[in-house]
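Peer 1: Take a look at this one; I'll ask things after.
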Amino acid sequence: MVPVSPKDGEPNPRIRLILVDDEPLARSGVRARLRDHDDFAVVAEASSAQEAINGIRRFKPDAIFLDVEMIRSSGLDVARLVDESVRPIIVFLTAHRQYALQAFEVKAADYLLKPINDARFEMSLNRIREQYALRRAIEVGSEKMSETVAYRPPAPTVAFGRIAITDRKKTQFVEAMDVEWVSAAGDYTELHVQRTTHLLREPLSVLLGRLPSNVFCRIHRSFVVNLAKVSGYMTLRNQDLMVRLKDGTVLRASRTFSDDLKKALAQN
């Protein structure tokens, strides 16, 4: 574990990062790209899963860039061994495509493939920023969230019963009305049902076209909620909404979609 100290006179950054990769050149490449982003700072580097876990306990970073395959260890083990309540925002950075499903099962914010593409790297940083802002909003304002009247949606105008989830040779079905919220995961979609995440092999835009619009509402370019599962929301200073679901999940509704959500919840 290599601690990294900020330069003298450098402002205190908002988002603290640990870089984990067994290749020093890969870590230095990420560090170089981050120099143009003043809201990020690398507080430590690690070359193994155990060093990463020790670094998370010691530095309590906000986010972590994490290699999947390292010598005698795996970045996936880091995600599984660190308790979710203290787990930093994770972006997997790897040359291997085959671990994407497992990465999203441990709720990674992104899965970034080497060699790094500039535009794709910027997208990963934005995902970290969004999750960080949401976590901060929850910390400072969740107790102020106003409760809405329980929403009872009318019968769907579009017949939509079960969603087939296929993983290799295994297929299981999820009842659409049991889905609490849906999130984009690159070319895939995550269905969140009773604290379980199912990975659907189609993009959110395709699934959204099949969901009944009087039951599911898009609240963000990456999130869709089941209106029946919403328990309340709070308006933030930038006019985004912090939305709480009945299972305790908190999501951010962007200003672009916040009015649509309010109107949908107000309908009887």
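Peer 1: How about segment 71-91: which of its residues are among the hydrophobic types (A, V, I, L, M, F, W, C) and within 14 Å of Ala46 (Cα to Cα)?
Peer 2: Ile71, Val78
Peer 1: Which numbered condition in (1) touching a residue at least 40 places away in the same chain (Cβ under 8 Å); (2) under 19 Å from Ser124 (Cα atoms); (3) among the hydrophobic types (A, V, I, L, M, F, W, C); (4) surrounded by fewer than 20 Cβ atoms within 10 Å (Cβ to Cβ) is the only one that Phe59 fails?
Peer 2: Every listed condition holds for Phe59 apart from (2).
Peer 1: Go through Arg210, Arg237, Arg221 for me and flag whichever is without any contact (Cβ under 8 Å) to a residue 12 or more places away in the chain and among the basic types (Lys, Arg).
Peer 2: Arg237
Rule-based calculations on the coordinates, nothing more; no lab input. Here the structure is a predicted model, which means the values were calculated and not measured. A quick note on method: Cβ atoms are made from the backbone with ideal geometry, for glycine too, and the neighbour counts reach across all protein chains shown.
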